[in-house]
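Student: Let me give you the structure first, and then I'll get to my questions.
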Amino acid sequence: MVISAYNVTSTHPAVFLLMGIPGLEHLHIWISIPFFSTYTLALLGNCTLLFIIQAYAALHEPMYLFLAMLAAIDLVLSSSTLPKMLAIFWFRDREINFYACLVQMFFLHSFSIMESAVLLAMAFDRYVAICKPLHYTTVLTGPLITKIGMAAVARAVTLMTPLPFLLRRFHYCRGPVIAHCYCEHMAVVRLACGDTRFNNIYGIAVAMFIVVLDLFFVILSYVFILRAVLQLASQEARYKAFGTCVSHIGAILAFYTPVVISSVMHRVARKAAPHVHILFANFYLLFPPMINPIIYGVKTKQIREQVLGLFLKKDV
């Protein structure tokens, strides 16, 4: 029997089957082109950022250390999903081990939470730099930056650790087929039988807690920043001060805009085709890791100069 391949003696299937983008299977090869290009740019951009920040002592400042954290998170976030997606698109390799699925889900959600925390930390960095410039070096010390990084990791791991254990206890009587490109929490929950209300409530509560709380403090930081900038005497000083925030604002928009759009789509356009929701969910994973290095590379003078110097040396 075919069912025996999925280990019915256990409460869960031995493997799940990821369908990719349901309804667009005939376009998987074409869809893989922008996915592969975006992933390649994300790898190159974030690895370059990490190399430059590590190699040049002048960039060992709080702003760039937070940027290095962001680059490392983006690398893990995209690498936890994209290789498997491309395997689905190119080779129709849809099987994923049950425990591998839970691990992928853990990395996906926990590193998304870490990214939100680092963006909040970067907002705090800009607040201190503009509103308390004389105290910048005494407030944002090396030990504090380390503690912020550890707190970001601890919060994400604490919030996401229960999910694999909660999902492991279910019996998956609705089959092993996940109508998605990767193991997303709610996509797995939909296959489970029994009372899944706690999972539903927990998933929504964590998402709302992270997005609402972090975004609230980011916006609050920029209210204080904007007030401080407007109090500066000259227009040139105001432009220069706020110019240091442009890259961070771009990173915030790149991360939170797809999250908000995807959330609104799930509630407003419930009758939309499944592939519409999945494409938006993929955009949220693909876009920030690719665009963040470009934003900071173009807008941050110190990084731009180091990148140009790196490539000019190679040409010579």
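The values are calculated or read from the model by the stated rules, or taken from the named source; none is laboratory data. All figures in this text were calculated on a predicted structure; none of them were measured in a lab. Counting neighbours? That spans all protein chains shown, and the Cβs are built from the backbone with ideal geometry, glycine included. Only protein heavy atoms, including side chains, enter the accessible area calculation; ligands, DNA and RNA are left aside. Shrake-Rupley method; radii C 1.70, N 1.55, O 1.52, S 1.80 Å.
Student: How much accessible area does residue 242 have with a 1.4 Å probe, in Å² rounded to the nearest 10?
Tutor: Residue 242 has an accessible surface of roughly 70 Å² with all protein chains in place.
Student: In the Gaussian network model of the chain, springs joining C-alpha atoms below 10 Å, which of 272, 154, 68 carries the largest mean-square fluctuation?
Tutor: Its mean-square fluctuation being the largest, the pick is 272.
Student: How many nm separate the modelled label positions at residue 47 and residue 205, each set 7 Å beyond the Cα in the direction of the Cβ?
Tutor: 4.2 nm
Student: Explain nothing, just compute: Karplus ³J(HN,Hα) = 6.51 cos²θ - 1.76 cosθ + 1.60, θ = phi - 60°, for every residue of region 217-230 in order, whole Hz, x for Gly and Pro.
Tutor: With coefficients 6.51, -1.76 and 1.60, one gets 6, 5, 5, 4, 4, 6, 5, 5, 4, 5, 5, 5, 5, 5 Hz.
Student: All other residues with a Cβ under 14 Å from the Cβ of residue 162 taken together, and with Lys, Arg as +1 and Asp, Glu as -1, what is their net charge?
Tutor: Around residue 162, the surrounding residues sum to +3.
Student: Another one. Of all the accessible heavy-atom surface of the chain, with the other protein chains kept in place and a 1.4 Å probe, what percent is carbon and sulfur?
Tutor: In the chain, the share of accessible area belonging to carbon and sulfur is 71 percent.
Student: Could you give the size of the charge dipole of the chain about its Cα centre, using +1 on the Cβ of each K and R and -1 on the Cβ of each D and E, expressed in debye and rounded to the nearest 20?
Tutor: 420 debye
Student: Most fluctuating residue of 43, 119, 134 in a GNM of the chain with Cα springs under 10 Å: which is it?
Tutor: It is 134.
Student: 5 Å is the cut-off here: which amide hydrogens, built 1.01 Å from N in the peptide plane, fall below it relative to residue 178, excluding neighbours closer than 5 in sequence?
Tutor: Result for residue 178 returns 17, 18, 19.
Student: Could you work out how far the C-alpha centroid of region 99-152 sits from that of region 70-91, in angstrom?
Tutor: Result: 22 Å between the Cα centres.
Student: Most fluctuating residue of 22, 176, 143 in a GNM of the chain with Cα springs under 10 Å: which is it?
Tutor: 143
Student: Still on this structure: Cα to Cα, under 20 Å, and not fewer than 8 places away if on the same chain: which aspartates and glutamates meet these conditions relative to residue 84?
Tutor: Within the straight-line limit of under 20 Å, residue 84 reaches these aspartates and glutamates: 25, 74, 93, 95, 184.
Student: If pairing requires two Cys Cβ atoms under 4.7 Å apart, which cysteines of the chain are left without a partner?
Tutor: So, 47, 131, 181, 245.
Student: Sequence neighbours fewer than 8 away in the same chain don't count; with that in mind, list the aspartates and glutamates whose C-alpha is under 12 Å from residue 147.
Tutor: Hits, sequence-local ones excluded: zero.
Student: Follow-up question, since we're still on this one. In whole Å, what are the extents of the chain along the principal axes defined by its C-alpha atoms, from largest to smallest?
Tutor: For the chain, the Cα spread along each principal axis is 76, 49, 37 Å.
Student: Which value, in Å² rounded to 10, gives the accessible area of residue 103 with a 1.4 Å probe and all protein chains present?
Tutor: Around 80 Å² of this residue is reachable by solvent.
Student: Would you list 155, 190, 304, 168 from the most to the least accessible area, probe 1.4 Å?
Tutor: These residues rank, largest area first, as 190, 168, 304, 155.
Student: Right, next: Go through region 273-285 residue by residue and turn each phi into a ³J(HN,Hα) via Karplus (6.51, -1.76, 1.60, θ = phi - 60°); whole Hz please, and just put x for glycine and proline.
Tutor: For region 273-285, the Karplus curve yields 4, x, 5, 5, 5, 5, 5, 5, 5, 5, 4, 4, 7 Hz.
Student: Taking the full set of protein chains and a 1.4 angstrom probe, give the accessible area of residue 109 in square angstrom, rounded to the nearest 10.
Tutor: 40 Å²
Student: Report ³J(HN,Hα) in whole Hz for each residue of region 83-88, in order, from the Karplus equation J = 6.51 cos²θ - 1.76 cosθ + 1.60 where θ = phi - 60°; Gly and Pro get x.
Tutor: Listing the rounded values in order: x, 5, 4, 5, 5, 5 Hz.
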